[in-house]
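The values are calculated or read from the model by the stated rules, or taken from the named source; none is laboratory data. Quick caveat: nothing in here was measured; it's all calculated off a predicted structure. We place every Cβ from the backbone using ideal geometry, glycine too, and count neighbours over all the protein chains shown.
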Amino acid sequence: MKRKIGFVFGVACSCILLLAAALPGIFSLVNATTGYQVNGAAGTSGQALCSDGTYFDTPCTPPGTGITALTGPVTASGSGSVASSITATGVTAGSYVGTNLTVNAAGQITSASNGFSSGSNSNGYWSKDPSGLIRQFGTITVVGAGNPAPYATFTFPTAFATTNYSITGNGNGLAIGGVLSGAGDIPIVAFDSFSTSGARWRLDTNNGVNFGTVNFQWIAIGY
(Lines give C-alpha, C1' and ligand atoms only; values in the text may rest on other atoms or scores of the structure.)
Protein backbone atom coordinates (compact mmCIF):
# COMPACT_ATOMS: atom_id res chain seq x y z
CA MET A 1 0.00 0.00 0.00
CA LYS A 2 2.86 2.41 0.81
CA ARG A 3 4.42 1.77 -2.59
CA LYS A 4 1.12 2.46 -4.29
CA ILE A 5 0.74 5.84 -2.59
CA GLY A 6 4.29 6.80 -3.44
CA PHE A 7 3.67 5.89 -7.06
CA VAL A 8 0.53 8.01 -7.26
CA PHE A 9 2.32 10.96 -5.64
CA GLY A 10 5.20 10.61 -8.09
CA VAL A 11 2.82 10.59 -11.03
CA ALA A 12 1.07 13.72 -9.67
CA CYS A 13 4.37 15.56 -9.32
CA SER A 14 5.35 14.58 -12.85
CA CYS A 15 2.03 15.85 -14.16
CA ILE A 16 2.57 19.27 -12.54
CA LEU A 17 6.00 19.56 -14.10
CA LEU A 18 4.64 18.51 -17.52
CA LEU A 19 1.78 21.04 -17.16
CA ALA A 20 4.22 23.80 -16.35
CA ALA A 21 6.29 22.94 -19.42
CA ALA A 22 3.22 22.71 -21.67
CA LEU A 23 1.75 26.05 -20.58
CA PRO A 24 4.65 28.51 -20.59
CA GLY A 25 2.22 31.45 -20.63
CA ILE A 26 0.96 30.42 -17.22
CA PHE A 27 4.06 28.90 -15.60
CA SER A 28 7.24 30.06 -17.31
CA LEU A 29 9.62 28.89 -14.63
CA VAL A 30 9.59 26.16 -12.00
CA ASN A 31 12.33 26.40 -9.42
CA ALA A 32 12.72 24.16 -6.40
CA THR A 33 14.02 27.04 -4.29
CA THR A 34 12.02 30.10 -5.33
CA GLY A 35 8.81 28.30 -6.31
CA TYR A 36 6.76 29.22 -9.35
CA GLN A 37 7.53 32.33 -11.35
CA VAL A 38 4.16 33.26 -12.78
CA ASN A 39 3.56 34.47 -16.33
CA GLY A 40 7.14 35.53 -16.82
CA ALA A 41 7.34 37.75 -13.71
CA ALA A 42 8.07 37.08 -10.05
CA GLY A 43 5.82 39.95 -8.87
CA THR A 44 6.62 41.97 -5.80
CA SER A 45 6.40 41.34 -2.08
CA GLY A 46 2.82 41.44 -0.85
CA GLN A 47 1.25 40.60 -4.21
CA ALA A 48 -0.99 37.59 -4.80
CA LEU A 49 -1.87 35.33 -7.72
CA CYS A 50 -4.93 36.83 -9.43
CA SER A 51 -7.36 35.27 -11.90
CA ASP A 52 -7.97 36.51 -15.42
CA GLY A 53 -11.29 34.68 -15.43
CA THR A 54 -9.78 31.45 -16.73
CA TYR A 55 -6.46 30.96 -14.97
CA PHE A 56 -4.71 32.27 -11.88
CA ASP A 57 -1.72 33.55 -13.78
CA THR A 58 -1.12 37.25 -13.02
CA PRO A 59 0.66 38.80 -10.00
CA CYS A 60 -1.46 41.57 -8.56
CA THR A 61 -2.10 43.55 -5.38
CA PRO A 62 -5.36 42.47 -3.72
CA PRO A 63 -7.87 45.29 -3.42
CA GLY A 64 -8.02 46.82 0.06
CA THR A 65 -10.99 45.89 2.18
CA GLY A 66 -10.09 47.93 5.27
CA ILE A 67 -9.71 51.65 6.01
CA THR A 68 -7.36 53.38 3.60
CA ALA A 69 -7.95 56.98 4.72
CA LEU A 70 -9.35 59.04 7.59
CA THR A 71 -11.31 62.24 7.04
CA GLY A 72 -12.77 64.82 9.37
CA PRO A 73 -10.96 66.43 12.34
CA VAL A 74 -8.34 63.65 12.22
CA THR A 75 -6.92 62.88 8.76
CA ALA A 76 -4.59 60.17 7.46
CA SER A 77 -4.10 58.25 4.22
CA GLY A 78 -1.91 55.52 2.79
CA SER A 79 -1.22 51.92 3.63
CA GLY A 80 0.76 50.42 6.46
CA SER A 81 1.80 52.69 9.31
CA VAL A 82 1.10 56.35 8.48
CA ALA A 83 1.06 59.50 10.59
CA SER A 84 -2.24 61.23 11.30
CA SER A 85 -2.89 64.93 11.70
CA ILE A 86 -5.56 66.93 13.54
CA THR A 87 -7.27 69.84 11.82
CA ALA A 88 -6.38 73.08 13.63
CA THR A 89 -9.32 74.93 15.21
CA GLY A 90 -7.61 78.32 15.47
CA VAL A 91 -7.45 78.32 19.27
CA THR A 92 -4.21 79.80 20.58
CA ALA A 93 -2.21 77.28 22.57
CA GLY A 94 -1.56 78.36 26.16
CA SER A 95 -2.87 78.47 29.71
CA TYR A 96 -6.21 80.09 30.52
CA VAL A 97 -7.68 81.19 33.86
CA GLY A 98 -11.33 80.42 34.67
CA THR A 99 -11.64 79.49 31.03
CA ASN A 100 -14.63 80.18 28.79
CA LEU A 101 -14.77 77.37 26.21
CA THR A 102 -16.72 76.52 23.07
CA VAL A 103 -16.67 72.82 22.10
CA ASN A 104 -17.96 71.44 18.78
CA ALA A 105 -19.76 68.13 18.14
CA ALA A 106 -16.44 66.35 17.58
CA GLY A 107 -15.24 67.34 21.06
CA GLN A 108 -12.77 69.94 19.78
CA ILE A 109 -12.26 73.26 21.55
CA THR A 110 -13.06 75.91 18.93
CA SER A 111 -12.66 78.98 21.13
CA ALA A 112 -11.11 79.74 24.51
CA SER A 113 -10.70 82.86 26.59
CA ASN A 114 -9.85 83.78 30.14
CA GLY A 115 -12.95 83.78 32.30
CA PHE A 116 -11.31 85.75 35.12
CA SER A 117 -9.18 88.85 34.70
CA SER A 118 -7.69 91.23 37.20
CA GLY A 119 -5.32 94.14 37.55
CA SER A 120 -4.25 97.12 39.62
CA ASN A 121 -2.96 100.65 39.26
CA SER A 122 -2.48 103.73 41.41
CA ASN A 123 -6.26 103.97 41.84
CA GLY A 124 -6.69 100.50 43.40
CA TYR A 125 -7.36 96.87 42.51
CA TRP A 126 -9.98 95.14 40.36
CA SER A 127 -11.11 91.71 39.21
CA LYS A 128 -13.69 90.54 36.67
CA ASP A 129 -15.38 87.12 36.72
CA PRO A 130 -16.82 85.15 33.75
CA SER A 131 -20.27 86.71 34.20
CA GLY A 132 -18.80 90.19 33.73
CA LEU A 133 -19.17 91.19 37.39
CA ILE A 134 -16.45 93.65 38.45
CA ARG A 135 -15.17 94.04 41.99
CA GLN A 136 -12.78 96.87 42.77
CA PHE A 137 -11.46 98.62 45.84
CA GLY A 138 -8.88 101.15 46.97
CA THR A 139 -7.77 103.66 49.58
CA ILE A 140 -7.96 107.44 49.41
CA THR A 141 -5.99 109.71 51.73
CA VAL A 142 -7.32 113.18 52.49
CA VAL A 143 -4.78 115.48 54.11
CA GLY A 144 -6.06 118.44 56.17
CA ALA A 145 -9.72 117.47 55.88
CA GLY A 146 -10.95 120.24 58.17
CA ASN A 147 -14.39 121.78 57.82
CA PRO A 148 -16.51 122.35 55.84
CA ALA A 149 -16.72 118.77 54.57
CA PRO A 150 -14.26 118.24 51.70
CA TYR A 151 -15.12 116.40 48.49
CA ALA A 152 -13.43 115.35 45.26
CA THR A 153 -13.92 113.02 42.28
CA PHE A 154 -11.77 109.90 42.00
CA THR A 155 -11.21 107.38 39.18
CA PHE A 156 -11.81 103.64 39.40
CA PRO A 157 -8.95 101.23 38.63
CA THR A 158 -11.09 99.99 35.69
CA ALA A 159 -14.30 101.32 34.22
CA PHE A 160 -17.72 99.73 34.69
CA ALA A 161 -19.93 99.11 31.67
CA THR A 162 -22.86 100.90 33.35
CA THR A 163 -23.43 103.15 36.34
CA ASN A 164 -25.61 100.48 37.97
CA TYR A 165 -23.03 99.58 40.61
CA SER A 166 -22.84 99.73 44.39
CA ILE A 167 -20.15 101.63 46.25
CA THR A 168 -19.45 102.15 49.93
CA GLY A 169 -16.59 103.45 52.08
CA ASN A 170 -15.25 103.44 55.59
CA GLY A 171 -13.00 106.15 57.01
CA ASN A 172 -10.60 106.57 59.88
CA GLY A 173 -8.50 109.57 60.83
CA LEU A 174 -6.94 111.81 63.44
CA ALA A 175 -8.29 115.03 64.82
CA ILE A 176 -6.16 118.14 64.57
CA GLY A 177 -3.49 117.82 67.25
CA GLY A 178 -3.05 114.10 66.72
CA VAL A 179 -5.91 112.65 68.76
CA LEU A 180 -9.65 112.41 68.40
CA SER A 181 -11.25 115.39 70.12
CA GLY A 182 -14.11 113.32 71.47
CA ALA A 183 -15.26 109.75 71.97
CA GLY A 184 -17.88 110.09 69.21
CA ASP A 185 -15.71 111.66 66.49
CA ILE A 186 -16.29 109.30 63.54
CA PRO A 187 -15.35 110.10 59.94
CA ILE A 188 -18.26 109.59 57.54
CA VAL A 189 -17.83 108.90 53.80
CA ALA A 190 -20.55 109.33 51.20
CA PHE A 191 -20.55 109.18 47.38
CA ASP A 192 -22.42 110.95 44.58
CA SER A 193 -22.02 112.07 40.94
CA PHE A 194 -21.57 108.53 39.63
CA SER A 195 -20.05 107.71 36.23
CA THR A 196 -18.74 104.49 34.68
CA SER A 197 -15.16 105.64 35.29
CA GLY A 198 -15.44 107.09 38.79
CA ALA A 199 -17.48 108.87 41.47
CA ARG A 200 -17.29 111.82 43.85
CA TRP A 201 -16.63 111.25 47.53
CA ARG A 202 -17.68 113.50 50.40
CA LEU A 203 -16.13 113.40 53.86
CA ASP A 204 -17.56 114.61 57.16
CA THR A 205 -17.77 113.58 60.81
CA ASN A 206 -20.71 112.74 62.99
CA ASN A 207 -20.29 115.94 65.09
CA GLY A 208 -18.49 118.33 62.76
CA VAL A 209 -15.03 118.03 64.34
CA ASN A 210 -12.04 118.95 62.18
CA PHE A 211 -9.83 116.06 61.06
CA GLY A 212 -6.21 116.56 60.09
CA THR A 213 -5.68 113.45 57.87
CA VAL A 214 -8.25 110.87 56.87
CA ASN A 215 -7.70 107.53 55.12
CA PHE A 216 -10.83 105.89 53.83
CA GLN A 217 -11.29 102.60 52.02
CA TRP A 218 -13.89 102.13 49.34
CA ILE A 219 -15.26 99.12 47.48
CA ALA A 220 -17.48 99.06 44.38
CA ILE A 221 -19.27 96.13 42.76
CA GLY A 222 -21.17 96.11 39.45
CA TYR A 223 -21.10 95.40 35.73
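Residues in segment 84-101 that are under 18 Å from residue 130 (Cα atoms), surrounded by fewer than 12 Cβ atoms within 10 Å (Cβ to Cβ) and modelled with pLDDT of 85 or more: how many?
Result for segment 84-101: 1.
Among the residues of segment 102-119 satisfying the criterion of being polar (S, T, N, Q) and surrounded by 12 or more Cβ atoms within 10 Å (Cβ to Cβ), which is farthest from the chain's Cα centre (by Cα)?
The selected residue is 118.
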